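Since the structure comes first, as C-alpha cells, the remarks are kept for the end.
The values are calculated or read from the model by the stated rules, or taken from the named source; none is laboratory data. Note that the structure is a prediction, hence the values are computed from the model and not measured. Cβ sites come from the backbone with ideal geometry, for glycine too, and all protein chains shown count toward neighbours.
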Amino acid sequence: MNLPRILELLQEVLPAARLEVQTVPIDEHFISLPPDNLHAAVRALLERSDIYHLSTITGQDVDGQIELLYHFWEGGGLTLRTSLPRDRARIETITDLIPGASFYEREIAEMLGVTFLGHPNPQPLFLPEDWKGDPPLRREFSLPEERQEGE
Amino acid sequence: MSTRITIPIGPQHPLLKEPLSFMITVEGERVVDSALRLGYVHRGIERLCQTKTYVQNLHLFERVCGICSHVHTTVYCQGVEALLGLEVPPRGLYLRTLLCELERVHSHLLWLGILGENIGFQTIFMYAWRDREIALDIMEELSGGRVTHAGNVIGGVRIDVGDAQFSSIVSQLNDLEQRVEKLLDVIQHERTLRARTQGIGYLSPEEIRRYCVVGPVARASGVDVDLRRDCKYAAYGRLHVNVALAHEGDVWARTMVRAREAIESLRLCRQLLVGLPEGPTHVRAPRRVPPGEVVSRAEAPRGELLYYIRSDGSDKPARVKIRTPTLTSLITVHDQLEGVEMADVSVVLSGIDLCIACVDR
C-alpha cells in the first residue's frame, strides 16, 4: 500500500476536497472525504491504482451522523470514510464500479436506513419484507427486552 | 420456445443443513435466472454485542459460525489487542495459529464430504467425514471442545500443549496427513467426480476481482490471494505458507485447491508444534478498552474474514462489523447458475462452501 501515491492521486482527482488521513493499528489507513466525492474517489482508485478489492462497507450511527466506511485491501488496508446527515442519508451507489458492493449496500440500506442512489436491486437482503419500525442499527431502535423495561 | 417456470428452493431444503432461499427460473432443464434471499438465521449479533462486555463478546462471536468458530475469536481478539496495545506472547500466537490450521483442515474435509453427498458420491462423504474426526479429536484434546473451542482469550490463548499431548498430536497429524493424501489421490483420478464438477460454476479471474471474491474460490480461478501470506497475522510471519492455486475456475478446481490446502495446513500444524516457543501463553488484559478503531483481518477457511471494531473507552464495544467470506461468494451465485442444468444447481452451491450462519450473523 503506497499511501503517499494514493493521497496524491485522490487530491489530483478531487482538488477542492479536504482529505484527512488517520492511521490505526494493524496497518490500516483511513481517509475522510465528503460524500459527494466518494464515487469519484473509488473510480480513481480502481482505474489508476492497483486497488481492486473492496473488503466490505461498514455503516454506523455515530456522533449524530451516519458514517460509512469503505474498506479496501491491497497489501495493506485503506478505508474511505464519509458521513451522511441522519435525516437525509443518501449517497450514490458504487455498484456500477464494483458489482461486489451490491450486498454490502443492501445491508446498510436496511440496517441503517441509507438510500443508495442508482442501486440496481434495492431490495431487503436480511430483514423480512414486512419489517416495520426503525432500521435496527440506528440509535433510536430498541431491542424488545429494552422496550419492555422502559414501558 | 419452452415455458419459463420459477421453482422456489428453500428456506428449508435437503441441499444444506442451513436455511436460505433461492427462486430459480428454468426454461426446460436450464436455469435462466435466480434470486437469493437471506436472513433466516439472522441473530442480530452486531447489535447484540453492543450490550455485552469485551470478554462476554468472545463467547458471542465464537458462535457466529459453527465451523470456523476459532478464527472469529482470533480476528476479534487481535483487533481488541491492537486497541489495547497488548503484545501476545509467541507461544500464545503459535497455539492460536495451530487451532486456526486444524480448523481449516476440519472445515475443508467437512466441505469435501458435503460435495460428495450432493453429487451422489457417498463414499467420499463417508471417508472425508471419518477422517475429519481426527482433526476434531486433536482440537478436543487441545481445548476440550470439538467445535466451539473457547481457545482464545484477549491477550493470548487459554490452551497449552504438554509433552504427552505433543507426541499424541504429532502421531495423529501424521495419520491424518496420509489419509488426506489418499483422499486427494482418489478424487484426482475419480471419473465420477470429474464428470460432475468440471466446467461447472466457472468464474473468470476478472469476475473474481469485480465481485471481490476471496478465499479458495478466488484461488481456484488463479487469483493469488491469501492473508496468511499477505497479512502475516498471528504466527504466520514466522511460517512459510505455500498457497494452493488452480486456474480452471470451476468446482473441480475448488475441490483441488481445498484438498491441497488441507495437506498444507497439516504441514503447518507440525511446523508450529515443533517450533513452539517456551514461555507464557497469554497476558492479562484490562477490562476497559481505550477509545479508537481498528480493522482486523484473517484468512478463515473460506477466505478473508474482517472485523471492524470501534471502542468508546468503555468495557463494551461501540460497534463491531463482521464481514464473513461466504457473503462475497454468494454474490457470484447468480452468474454461476446462469445456463447450468437444474441437476447441477446443487454442485454450484456446494462449490462455494456456503456457511449461512456466518452470512446472516
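Entry remark, the range A:63-79: residues being surrounded by fewer than 17 Cβ atoms within 10 Å (Cβ to Cβ) and at pLDDT 90 or above number 1 in total. Residue count for the range A:9-30 satisfying the condition of being within 11 Å of chain B (Cβ to nearest Cβ), out of contact with any helix residue (DSSP H, G or I) (no Cβ under 9 Å at 6 or more places or on another chain) and modelled with pLDDT under 85: 3. In this structure, B:Cys358 does satisfy being outside any strand (DSSP E or B) and within 14 Å of the chain's Cα centre (by Cα).
Could you say which residue among B:Val41, B:Val55, B:Val32 is more than 11 Å from every other protein chain (Cβ to nearest Cβ), under 22 Å from B:Thr332 (Cα atoms), touching a residue at least 60 places away in the same chain (Cβ under 8 Å) and surrounded by fewer than 24 Cβ atoms within 10 Å (Cβ to Cβ)? Quick ask: steps written out before the conclusion?
Working: B:Val41 fails: more than 11 Å from every other protein chain (Cβ to nearest Cβ); B:Val55 fails: under 22 Å from B:Thr332 (Cα atoms).
It is B:Val32.
Taken across the range A:80-92, residues that are surrounded by fewer than 22 Cβ atoms within 10 Å (Cβ to Cβ) and within 11 Å of another protein chain (Cβ to nearest Cβ) do occur, with at least one present. Within the range A:90-110, being in contact (Cβ under 8 Å) with a residue 12 or more places away in the chain, touching a Lys or Arg at 6+ places or on another chain (Cβ under 7 Å) and not hydrophobic (A, V, I, L, M, F, W, C) holds for one residue alone: A:Gly100.
Scanning the range A:46-89 for residues that are aliphatic (A, V, I, L, M) and either under 14 Å from the mean Cα position of the chain (by Cα) or closer than 13 Å to B:Arg297 by Cα (or both) returns A:Leu54, A:Ile57, A:Val62, A:Ile66, A:Leu68, A:Leu69, A:Leu78, A:Leu80, A:Leu84, A:Ala89. Checking the structure you have, find out if any residue of the range B:92-103 is within 24 Å of B:Arg287 (Cα to Cα), within 14 Å of chain A (Cβ to nearest Cβ) and among the basic types (Lys, Arg). Within the range B:92-103 (the criterion being within 24 Å of B:Arg287 (Cα to Cα), within 14 Å of chain A (Cβ to nearest Cβ) and among the basic types (Lys, Arg)), the answer is no, since none of the residues qualifies. A:Glu47 meets each of the listed conditions (1) more than 9 Å from chain B (Cβ to nearest Cβ); (2) in contact with a strand residue (DSSP E or B) (Cβ under 9 Å, 6 or more places away or on another chain) apart from (2). Across the range B:71-97, the number of residues qualifying as of a type in the set (Gly, Ala, Ser) and surrounded by fewer than 23 Cβ atoms within 10 Å (Cβ to Cβ) comes to 2. Of the helices (runs of 4 or more DSSP H) lying entirely inside the range B:34-135, those containing at least 2 residues that are touching a helix residue (DSSP H, G or I) at 6+ places or on another chain (Cβ under 6 Å) span B:54-62, B:69-84, B:90-118.
Among the conditions (1) within 12 Å of chain B (Cβ to nearest Cβ); (2) within 30 Å of B:Cys77 (Cα to Cα), the only one that A:Leu33 does not satisfy is (1). Residue-level check: of (1) surrounded by 24 or more Cβ atoms within 10 Å (Cβ to Cβ); (2) under 30 Å from B:Glu190 (Cα atoms); (3) within 14 Å of the chain's Cα centre (by Cα), B:Ala135 misses just (3). Is there a residue being within 14 Å of another protein chain (Cβ to nearest Cβ), surrounded by fewer than 14 Cβ atoms within 10 Å (Cβ to Cβ), in contact with a Leu (Cβ under 7 Å, 6 or more places away or on another chain) and at pLDDT 90 or above anywhere in the range B:191-210? There is no residue in the range B:191-210 that is within 14 Å of another protein chain (Cβ to nearest Cβ), surrounded by fewer than 14 Cβ atoms within 10 Å (Cβ to Cβ), in contact with a Leu (Cβ under 7 Å, 6 or more places away or on another chain) and at pLDDT 90 or above. For the subset of the range B:228-250 comprising residues that are closer than 16 Å to B:Gly303 by Cβ and not in a loop (DSSP other than H, G, I, E, B), which member is modelled with the lowest pLDDT? Across the range B:228-250, the extreme among qualifying residues is B:Asp230. Among the residues of the range B:328-351, those identified as touching a helix residue (DSSP H, G or I) at 6+ places or on another chain (Cβ under 9 Å) and within 14 Å of chain A (Cβ to nearest Cβ) are B:Thr328, B:Ser329, B:Leu330, B:Ile331, B:Thr332, B:Val333, B:Asp335, B:Gln336. Taking the condition of being touching an Asp or Glu at 6+ places or on another chain (Cβ under 9 Å) and on the phi < 0 side of the Ramachandran plot, how many residues in the range B:132-150 meet it? Within the range B:132-150, residues that are touching an Asp or Glu at 6+ places or on another chain (Cβ under 9 Å) and on the phi < 0 side of the Ramachandran plot number 7.
Per-residue answers, yes or no, for (1) polar (S, T, N, Q); (2) within 14 Å of chain A (Cβ to nearest Cβ); (3) within 18 Å of B:Ile352 (Cβ to Cβ):
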| site | (1), (2), (3) |
| --- | --- |
| B:Pro216 | no, no, yes |
| B:Arg219 | no, yes, yes |
| B:Gly222 | no, no, yes |
| B:Asp226 | no, yes, yes |
| B:Cys231 | no, yes, no |
| B:Asn242 | yes, no, no |
| B:His247 | no, no, yes |
| B:Trp252 | no, no, yes |
| B:Ala259 | no, no, yes |
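Could you list all residues from the range B:290-321 that are touching a Phe, Trp or Tyr at 6+ places or on another chain (Cβ under 6 Å) and either within 19 Å of B:Val153 (Cα to Cα) or at pLDDT below 90 (or both)?
First pass over the range B:290-321, keeping only residues touching a Phe, Trp or Tyr at 6+ places or on another chain (Cβ under 6 Å): B:295-296, B:298, B:307, B:321.
Hits for the range B:290-321 are B:Val295, B:Ser296, B:Ala298, B:Tyr307.
Apart from one condition, A:Gly100 fits all of (1) more than 9 Å from every other protein chain (Cβ to nearest Cβ); (2) under 27 Å from A:Val24 (Cβ atoms); the exception is (1). Within the range A:53-74, can one find any residue that is in contact with a Phe, Trp or Tyr (Cβ under 8 Å, 6 or more places away or on another chain) and more than 12 Å from chain B (Cβ to nearest Cβ)? Checked the range A:53-74: no residue is in contact with a Phe, Trp or Tyr (Cβ under 8 Å, 6 or more places away or on another chain) and more than 12 Å from chain B (Cβ to nearest Cβ). Taking each residue of the range B:1-21 that is farther than 15 Å from B:Asp360 by Cα and looking for partners that are of a type in the set (Gly, Ala, Ser) and surrounded by fewer than 16 Cβ atoms within 10 Å (Cβ to Cβ) with beta-carbon atoms closer than 7 Å, six or more apart or interchain, yields B:Ser2/B:Gly28.
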